[in-house]
Structures are given as structure tokens and as C-alpha cells.
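These notes are about the structure you will find just below.
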Amino acid sequence: MRFSRAIATAVATAALAGSAAVCVPASAATPSTVAINAGGSAISASGTSYSADKGNIGGRTSTTTVASGTTDSALYQSVRYGMSGYSIPVTNGTYDVTLKMVENYWSAAGKRVFDVSAEGSAALSDLDPFQIAGGKNKAAQRTFTTTVKDGKLDLAFKADQDNASIAAILITPKTTATPAPAPAPAVGINAGGSAISASGTSYSADKGNIGGRTSTTTVASGTTDSALYQSVRYGMSGYSIPVTNGTYDVTLKMVENYWSAAGKRVFDVSAEGSAALSDLDPFQIAGGKNKAAQRTFTTTVKDGKLDLAFKADQDNASIAAILI
């Protein structure tokens, strides 16, 4: 009888444990931030703890002591390159994934170009750390959103030129608790030209410029939006554009339609009184004359108008369009 009671007690205990396990859904776990210092050891940067490199599928590492021009230079002093992917355990959920990059080898754009897929779907294409950052040993990053359903974030890298290379991976849960307010309509301006539609966006005729002159051409820019790059405004000191107060991504679309070499046109851009982009060279960014180039920055408007200022380092500042 004692033996029977022991068995019964054991069975009852197991049953209770089993029922308790069933009552707790696997989805109860809360997604949390995961940060990896690619090619390097554990480190803290901007208040985030990055683990030592892990989850990589192949690849090699490279280190440098050169500063990246950021307060987080140490994060960009190690990279992993040539890997085919990363497989990183995470709680199921939707995440913003930021790839932090730096070009620590090549001294020109177009030398390292690669694509990234996440969870089997295309995420980022034509990544060129030198071009994104505007130079060698400068910090660059790009962010995309993906959803994980199988307990691991799978990233795949495909090299178009040289090897894929990253300095860090930051995986942040996408919050859905408070719906974001509806974004303001895009504002597009065809600098130096008339109203036009390009890639589904309506660009108004040129407006808001402070000085400058215009130039047009019939040469194609190698994009489906060639007409957008066939007019430019150059030599302006700025633009003042009425917008609703808020935070905006501002894209300057450019083309070098005069010079046939890099370094002939270089300029800086400020937005709302703060530096936004420096050493812009449309020829260098695009890799040639009459080729489309663009750069994007983020700024916050509090006074009902977006104020841009242009400072020429070589020749005149020149833009083909503004997309806000």
C-alpha cells in the first residue's frame, strides 16, 4: 500500500506539473533587445551592452585603432566580413534590426557592396558602407523591420562587390503598445524644374529656394526617374519650406551634370541650424557624371518651416530634388 501511495503521489505531482506547463503559453516571453559586437568582444556603447560576437555563419574578423568620428568609436573598431549569415536566438516577435557598419579597408565608394535578407526575405540592398558614411573609417548604419516566428533571427548576406562587412547588430523589439500618429504627407520639390511625378510621389515645381540659379539637361540619369534629375538648382544659400511641425527624414536627390571628376563639387548642408550632411560630392556618391545620387538625414521642425542651409566647399551646392 505504501508503494501504491508513493506511485499515486508521483503520478499526481507529474500531472500537476504537466498541467502547469500547459497553462503557460510559449508566447508569454517578452521580446528584449539583443546587441552583438561583430568581430569583437563584449562592449558598452550609448548605454547598450553588446555581447561578444556570436551567431555568425563563417566569415573572418578585422580590427583597427582608427576612430570612427562617433562617441562609440570602439564599437566600429572591429568587424566581421565574408560571413554568409547570422543565426541569433530571440523571442518570437517583430523587431527593428540595425546593422552598424564602417569601411575600414577601401578608400572609395563602390568597392564594397552587399545585400541583406532577413527570415528569408530581402531586407536591405546595395549597402556600401563608404558611400553611406561619406568616407573611410566613418560610422554608418541602416535599419529594417522583420518578424521572427521560429525563435531565431536568420540573416543572410550576399556580396555584390568584395565581402559583406558589419561592425555590430542591434535587435530592438518593435513596440505596438501605442499606435504612431499618421505621418504627414510627403513634400516633394523638383529643384530647378516644374511639377513632376516620380516613383509614385508628386514633386511640386521649384519653390522655397533662397537664391541660386537653374540648369537643365536632356541626358538620362540611369534611373526610372530620369526626368527628376534633368533639372537642378545650384548656388542657392538655402531653402525655407513650410511643413507641419514634426520629425522628418529629408532626402536630397543630386546629380553631377557639369564636372567629369570627383572633388570638383563639394558642399555641406545644415537643417534647422544644425549640421546635417558634410562633404557631399554628387559625382563621388553616384560614381560618375549624370548619375543619380541621394543622401538622407533626420531633423525636427518646431516653427512650421524646414530651413536648409548650403555651404559650398568646392564650386556651388547643387540639388535635383528635395523629398521630405
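The values are calculated or read from the model by the stated rules, or taken from the named source; none is laboratory data. Quick caveat, the model's predicted, so the values are computed rather than measured. Note: ideal-geometry Cβ built from the backbone for every residue, glycine included; neighbour counts use all protein chains shown.
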Verdict on ALA292 being within 13 Å of SER318 (Cα to Cα) and at pLDDT below 95 = yes
Considering each of VAL219, VAL232 in turn, give the residue that is in the same structural domain as GLN284 (by TED's automatic domain parsing) and either part of a loop (DSSP other than H, G, I, E, B) or farther than 15 Å from LYS289 by Cα (or both).
-> VAL219
Within the stretch 183-215, residues of a type in the set (Ser, Thr, Tyr) and assigned to a loop (DSSP other than H, G, I, E, B) come out as SER194, SER199
Going by the structure shown, is GLY85 more than 25 Å from VAL148 (Cα to Cα) and modelled with pLDDT of 95 or more?
-> no
Evaluation of ASP249 against (1) of a type outside the set (Lys, Arg); (2) in contact with a Pro (Cβ under 9 Å, 6 or more places away or on another chain); (3) more than 17 Å from GLY134 (Cα to Cα); (4) outside any loop (DSSP other than H, G, I, E, B) (one fails), failing number = (2)
With the condition kept exactly as written, say whether any residue in the stretch 128-141 is modelled with pLDDT under 95 and under 14 Å from ASP96 (Cα atoms).
-> yes
Of a type in the set (Gly, Ala, Ser), more than 12 Å from ILE166 (Cβ to Cβ) and not assigned by TED's automatic domain parsing to the domain that holds ILE285: does that describe SER46?
-> yes
Determine, yes or no, whether VAL243 is within 17 Å of ASP268 (Cα to Cα), touching a residue at least 24 places away in the same chain (Cβ under 8 Å) and surrounded by 13 or more Cβ atoms within 10 Å (Cβ to Cβ).
-> no
Assuming MET83 fulfils every condition listed in (1) in a strand (DSSP E or B); (2) under 21 Å from SER117 (Cβ atoms) apart from one, which condition is it?
-> (1)
Hey, could you check the stretch 49-80 for residues that are touching a Lys or Arg at 6+ places or on another chain (Cβ under 9 Å), assigned to a strand (DSSP E or B) and of a type outside the set (S, T, N, Q) and say which is nearest to GLY135 (Cα to Cα)?
-> ARG80
Go through (1) buried (at least 22 other Cβ atoms within 10 Å of the Cβ); (2) in contact with a helix residue (DSSP H, G or I) (Cβ under 9 Å, 6 or more places away or on another chain); (3) β-branched (Val, Ile, Thr) one by one and return the number of the condition ILE189 breaks.
-> (2)
